[in-house]
1. Give, in nm to one decimal, the length gained when the segment between MET136 and LYS154 is fully stretched (0.36 nm per residue of separation minus the Cα-Cα distance).
2. What nm value, rounded to one decimal, do you get for the distance between GLN123 and ARG170 when each label is placed 7 Å out toward the C-beta?
Amino acid sequence: MRILKTFSALSLVAVLATGCAATQTNVRAAQDPAVNLNSYETFGFFEQAPSNTRYSTILAQQLKQATRVQLEKQGYRYSDDNPDLKVNVFLAVIERQELRSSPGYGYRPWIGRNQIETNSYRQGALGVDLVDAKKMALVWRGVAEGRVDQKAMKDPVPAINSAVAEVFARFPAAQKTAAL
């Protein structure tokens, strides 16, 4: 049975609370080939508050902070007023089950001796979208996917920082600070 929870602030917080780092992480990124990411100077975030509250959670703020740190390392400046790029961070979690069959023993393993074991786990995906604020067009997306690990469940802040850093390790633009 698969349960897909997509972008909502409540599922964002729930996923972060259980950890967004993974033991085996697959990271990928895509960029609009017609866009020069060095042409942008500032960034800001899309407003995202839980649908049933009027405040932002501590973990959602940590996710924004980790993203802000990575963008500033690339030479972009944070701006609330009319930024060049708008940032959207999203999360999805799929509850998965994996079946394992262990072979039977003896000459006829198919006769009543096979054992089937069920293993449940969470597979998570953290993504960062950079959107051209004037055109409202996606110009870059980075995604990290993998199994949620137990260490991250106990202390999500390092998991958040690590997952966001892994996503930005695929960022194609040369650091703007080097170009200035």
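Here, each number is a calculation from the coordinates, and none is a lab measurement. It should be emphasised that the depicted structure is a prediction, and the values quoted were computed from it without experimental measurement. Cβ: placed from backbone, ideal geometry, glycine included. Neighbour counts: every protein chain shown.
1. Using 0.36 nm per residue and subtracting the Cα-Cα distance, I get 2.8 nm.
2. Inter-label distance under the simple model: 1.5 nm.
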